[in-house]
1. Give the number of residues within segment 71-102 that are in a helix (DSSP H, G or I) and either within 17 Å of Ile15 (Cβ to Cβ) or among the basic types (Lys, Arg) (or both).
2. Restricting the search to segment 24-36, which residues are open to solvent by less than 40 Å² (accessible area, probe 1.4 Å) and assigned to a strand (DSSP E or B)?
3. Report, ordered by the first and then the second residue, all pairs with beta carbons closer than 6 Å, sequence separation of six or more or different chains, a first member in segment 33-60 that is under 15 Å from Phe100 (Cβ atoms), and a second member that is among the charged types (D, E, K, R) and not in a loop (DSSP other than H, G, I, E, B).
4. Could you check segment 103-125 and list, in sequence order, the residues that are farther than 20 Å from Leu8 by Cβ and hydroxyl-bearing (Ser, Thr, Tyr)?
5. What are the residues in segment 75-104 that are of a type in the set (D, E, K, R) and in contact (Cβ under 8 Å) with a residue 60 or more places away in the chain, if any?
6. Listed residues Glu105, Glu51; which is outside any loop (DSSP other than H, G, I, E, B) and on the phi < 0 side of the Ramachandran plot?
Amino acid sequence: MASSKIDLLDVVQKILKLDTKMRFAAIIDSKGNIREAIMKTGKTNLKSQKEEEHFCKQVAQRRSMRKEFDRSLGKVRYVHVEREKVSQMVIYTKRNIVYFTMEPEMPINTKIRLITKIKKITSSL
């Protein structure tokens, strides 16, 4: 029986539907290539396509840099960067990286709930 291929478009759509304040969701491979990405309808992209691609490459580089401390500190559960214009979140799955952004004025407990839900949605990636 052939293993069913995970629909990455479906995954990023599910992530964006979790909250009205979600802006962008992407699945990135270990080299930093964008496998699937969606900007939520009605939201303006804060980065150009070239900047987005460059940013995703850096996200993958930072993952490998953080691995250095896995033995002493444990694996990274998620990364949260709070900026003036956007909140950026990164979750590491076995083979991919889930990167998503949301409006910055969201309460931290809501963000933590979203991270938990997104981890469940992306656990098979």
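1. Keep residues of segment 71-102 that are in a helix (DSSP H, G or I), which gives 71-73.
So of that shortlist, the ones also either within 17 Å of Ile15 (Cβ to Cβ) or among the basic types (Lys, Arg) (or both) come out as 71.
Residues in segment 71-102 being in a helix (DSSP H, G or I) and either within 17 Å of Ile15 (Cβ to Cβ) or among the basic types (Lys, Arg) (or both): 1 in total.
2. So the first thing to find is which residues in segment 24-36 are open to solvent by less than 40 Å² (accessible area, probe 1.4 Å), and the list is 24-29, 32.
Of everything in segment 24-36, those that are open to solvent by less than 40 Å² (accessible area, probe 1.4 Å) and assigned to a strand (DSSP E or B) turn out to be Phe24, Ala25, Ala26, Ile27, Ile28, Asp29.
3. Arg35/Asp29; Lys40/Arg23; Lys43/Arg23
4. Taking segment 103-125 and keeping what is farther than 20 Å from Leu8 by Cβ, we get 103-113, 116.
Scanning segment 103-125 gives Thr110, Thr116.
5. At the first step, the residues of segment 75-104 found to be of a type in the set (D, E, K, R) are 75, 77, 82-85, 94-95, 103.
Of everything in segment 75-104, those that are of a type in the set (D, E, K, R) and in contact (Cβ under 8 Å) with a residue 60 or more places away in the chain turn out to be Arg95, Glu103.
6. Working: Glu105 fails: outside any loop (DSSP other than H, G, I, E, B).
So the residue among Glu105, Glu51 that is outside any loop (DSSP other than H, G, I, E, B) and on the phi < 0 side of the Ramachandran plot is Glu51.
The values are calculated or read from the model by the stated rules, or taken from the named source; none is laboratory data. Quick caveat, the model's predicted, so the values are computed rather than measured. Backbone-built Cβ (ideal geometry, glycine too); neighbour counts: all protein chains shown. With ligands, DNA and RNA removed, areas are computed over all heavy atoms of the protein, side chains included. Shrake-Rupley method; radii C 1.70, N 1.55, O 1.52, S 1.80 Å.
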